[in-house]
Amino acid sequence: MTSRGIWTGLLVVGLCTTSQAADDYKHGPDSIRHPDAPVGTVTKMPTWKSKIFADTERDWWIYVPKQYDGSTPACLMVFHDGGGFIGDTGSYRAPLVFDNLIHSKEMPVTIGVFINPGNVPSSVGKGGRSNRSFEYDTPSDQFTKFLEQEILPEVEKDYKIRKDPAARAICGNSSGGIAAFTAAWERPDMFGKVLSHIGSFTNIRGGDTYPGIIRKTERKPIKVLLQDGSNDLDNLHGHWPLANLTMAAALKYMKYDYRLEYGDGGHSGKHGGAIFPDSLRWLWSDQVK
């Protein structure tokens, strides 16, 4: 996995946005089940009805690696749009990849919490609606409050989770990608690691202001991996490739521990999924011996 330079990336944007993306990324061996890797469990939890996001309900799942025995607190990784990460044949295959990398000791024993965005059921008003954009695209601490006060206490009823932020990561795609960054930015005491794929650092709900804010704010103790491609979206909300390159430039200027993975893909999970095992290796490298 290699990072391309910021200014090279800007040149690529200019050259490639009018052409069809190659976007021909393939999964590597760590995204295929290793026969000797112990298989963790994925449990679908009862539908969650939130108080912080009033009137919403959502599906969510907990992954527990086979190596977790309850004697030692585990690391934690939270996923936005969690249902898209849990399958063994999708772009990310997170539980499978976790099994492989935990077995090879390239990431620590980590419990995964996979959460879908909230939906307001039709019984509440005129027709149902998704609460995703409000929850994910809003630059505020409301989602971290939801995790801190509702979801994580429920997880900790059955599992021991480390409290130090370096042992806690948060991940997402698109609006979920900016939401992952927002969670760590607002609460670096809760999350010290961010994995953002095709992050929507654009003006959907004001997230385009982050690069300027980062440059004028004392550096926070968070580690960030950004992934995007030169053929990502360009619409009324903004230009996704330029937004991610500008985020990376701001993180570089402020001397963050960050990485930019910039390719030629579009607004999909192909690139992020193909490099997902290497992204996890880099993100968790300070937590393995």
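Taken together, the values in this text are just the output of simple stated rules run on the coordinates, not laboratory data. Note that the coordinates shown come from a computational prediction; the quantities given were computed from them, not determined experimentally. Because the Cβ atoms are built from the backbone with ideal geometry, glycine has one as well, and the counts that use them run over all protein chains shown.
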Identify the residue in region 195-206 that is more than 13 Å from the chain's Cα centre (by Cα) and in contact (Cβ under 8 Å) with a residue 40 or more places away in the chain and, among all such residues, is surrounded by the most Cβ atoms within 10 Å (Cβ to Cβ).
-> F201
Quick one: would you say Y262 is buried (at least 24 other Cβ atoms within 10 Å of the Cβ), outside any helix (DSSP H, G or I) and either touching a residue at least 60 places away in the same chain (Cβ under 8 Å) or not hydrophobic (A, V, I, L, M, F, W, C) (or both)?
-> yes
Could you check, for region 144-153, whether at least one of its residues is of a type in the set (K, R) and in contact (Cβ under 8 Å) with a residue 60 or more places away in the chain?
-> yes
Would you tally the residues in region 163-183 being in a strand (DSSP E or B) and over 21 Å from H237 (Cβ atoms)?
-> 4
If you go through region 188-202 one residue at a time, do you hit one that is among the hydroxyl-bearing types (S, T, Y), farther than 25 Å from G273 by Cβ and not in a strand (DSSP E or B)?
-> no
Could you please find all residues in region 88-106 being in a loop (DSSP other than H, G, I, E, B), more than 16 Å from the chain's Cα centre (by Cα) and either of a type in the set (G, A, S) or farther than 20 Å from G192 by Cβ (or both)?
-> D88, T89, S104, K105
K26: surrounded by fewer than 14 Cβ atoms within 10 Å (Cβ to Cβ), of a type in the set (K, R) and more than 24 Å from K193 (Cβ to Cβ), yes or no?
-> yes
Selected residue (criterion: surrounded by the fewest Cβ atoms within 10 Å (Cβ to Cβ)) from residues of region 207-235 that are more than 13 Å from F181 (Cβ to Cβ) and in contact (Cβ under 8 Å) with a residue 60 or more places away in the chain = D234
What are the residues in region 127-172 that are surrounded by 14 or more Cβ atoms within 10 Å (Cβ to Cβ), farther than 21 Å from G207 by Cβ and of a type in the set (G, A, S), if any?
-> A166, A167
Only one of S268, S230 that is closer than 19 Å to D24 by Cβ, of a type in the set (S, T, N, Q) and under 16 Å from the mean Cα position of the chain (by Cα) = S268
Output yes when any residue across region 236-259 is closer than 25 Å to F79 by Cβ, in a helix (DSSP H, G or I) and in contact with a Ser or Thr (Cβ under 6 Å, 6 or more places away or on another chain), and no when none is.
-> yes
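K66: assigned to a loop (DSSP other than H, G, I, E, B), farther than 24 Å from M190 by Cβ and of a type in the set (D, E, K, R), yes or no?
Criteria met by K66.
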Go over the candidates V78, V124 one by one and state the one that is outside any loop (DSSP other than H, G, I, E, B) and either touching a helix residue (DSSP H, G or I) at 6+ places or on another chain (Cβ under 7 Å) or surrounded by fewer than 18 Cβ atoms within 10 Å (Cβ to Cβ) (or both).
-> V78
Out of S140, S130, S122, sole residue that is on the phi < 0 side of the Ramachandran plot, polar (S, T, N, Q) and touching a residue at least 40 places away in the same chain (Cβ under 8 Å) | S140
